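Below: the structure, in structure tokens.
Each value in this text was obtained by applying a stated rule to the coordinates, not by laboratory testing. All figures in this text were calculated on a predicted structure; none of them were measured in a lab. Don't worry about glycine lacking a Cβ; one is built from the backbone with ideal geometry, like all the others, and counts go over all protein chains shown.
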Amino acid sequence: MESVTISELKNWKKNKIKFAAITAYDFSFAKLFSNQGIPVILTGDSLGMTIQGHSSTLSVKIKDIEYHTKAVRKGAPNTFLLSDLPFMSYYNTKQALKSTAKIIRSGANMIKIEGGKWLVEIIKELSDRSILVCGHIGLTPQSFNYLSGYKVQGRDASDAKKLIDDALLLEESGIQMLVVECIPEKLAKQITENLSIPVIGIGSGKYTDGQILVMHDLLGITEGKKPSFTKNFLSESGSVQKAIQKYIYEVKKGIFPNKKYSF
Ligand code: KIV
């Protein structure tokens, strides 16, 4: 596989070619996902929950993301790899630059940060230094205390408007990609249509340019209460490889997520 680049992802948006992304945290799964044709991997701070067993992402440190990014990059040398800057690793511009350097040196193509307006200066500084930045709005897990839990965002008109304004402002500031998490399908459609950069949805309906799932949800490994927007692709597939192929196929054809997995 040729290396996937940001210009390719932008071309896919322009040509309405949908793409599937997934989280990965280690060499073996990254290699398998990449071999099955996954073009975009996120080494997310969800590793705080899926790998470290915490109840939130807040305890994840920059050294954790560095460690897992390096492992994923070894397994998926040509995949477009984005990695999260964890909680409090980008509280000001200086800190964001320091944290970003560590993650990019570990092999990520792009860093992802959660939030709206307050990130404008940070995004400008990073973009001016040729760093690819992905925004993340809607349900931002690093703010779950402030949001009073893991809830769908942007349901009422003023919250929806704020999210649209944030998306436009972040794009203007320099982000090259945006993740929208747990927002109503209609709102995600509006944001996707209004932005020229690729928008990746999770729990946000089928109209975004790409979809992302946490690998443990997609493979049915998550025990206990699962987010309602996730689908266990392994249960219908017989092997991890086939589950990934099915996921890619359903995203490309607009089959996943259907109404059952959307708000
Ligand atoms: O950390 C993560 O896995 C994420 C996804 C849920 C988008 O941010």
Fluctuation leader among ILE200, ILE113, ILE221 - the chain, Gaussian network, Cα springs under 10 angstrom: ILE221
Note, ³J(HN,Hα) from phi for the stretch 40-56, Karplus 6.51, -1.76, 1.60, rounded to Hz, x at Gly and Pro: 10, 10, 10, 8, x, 6, 4, 4, x, 8, 6, 9, 8, x, 7, 8, 8
Alpha-carbon Rg with Dmax, taken over the stretch 120-254, Å: 16.0, 48
Positive minus negative residues near MET177 (Lys, Arg vs Asp, Glu; Cβ under 11 Å): +1
Separation in nanometres of the label points that stand 7 Å from Cα toward Cβ, at ASP165 and ASN15: 3.8 nm
Two-decimal ratio, the chain, of alpha-carbon radius of gyration to 2.2 N^0.38 Å: 0.91
For the stretch 246-263, Karplus couplings with θ = phi - 60° (6.51, -1.76, 1.60), whole Hz, Gly/Pro x: 5, 4, 4, 4, 5, 5, 4, 8, x, 7, 10, x, 8, 3, 4, 9, 10, 10
Cα centroid of the stretch 50-68 to Cα centroid of the stretch 167-219, whole Å: 23 Å
Over the chain: helical MRE at 222 nm, DSSP H runs n ≥ 4 each giving -39500 (n - 2.57), nearest 500: -11500 deg cm²/dmol
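Sort the following peptides by mean Cβ neighbour count (other Cβ atoms within 10 Å, averaged over residues), highest first: 168-176, 251-259. Before the final figure, lay out the partial values.
Values: 168-176: 18.6, 251-259: 15.1.
So the peptides 168-176, 251-259, ranked by packing, come out 168-176, 251-259.
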Rounded to whole Hz, the Karplus (6.51, -1.76, 1.60) HN-Hα couplings of the stretch 137-142, x for glycine and proline: 10, x, 6, 9, x, 5
Surrounding net charge for TYR207, when Lys and Arg each add one and Asp and Glu each subtract one, Cβ distance under 11 Å: +2
Gaussian network model of the chain, Cα within-10 Å springs - most flexible of MET110, MET177, MET88: MET88
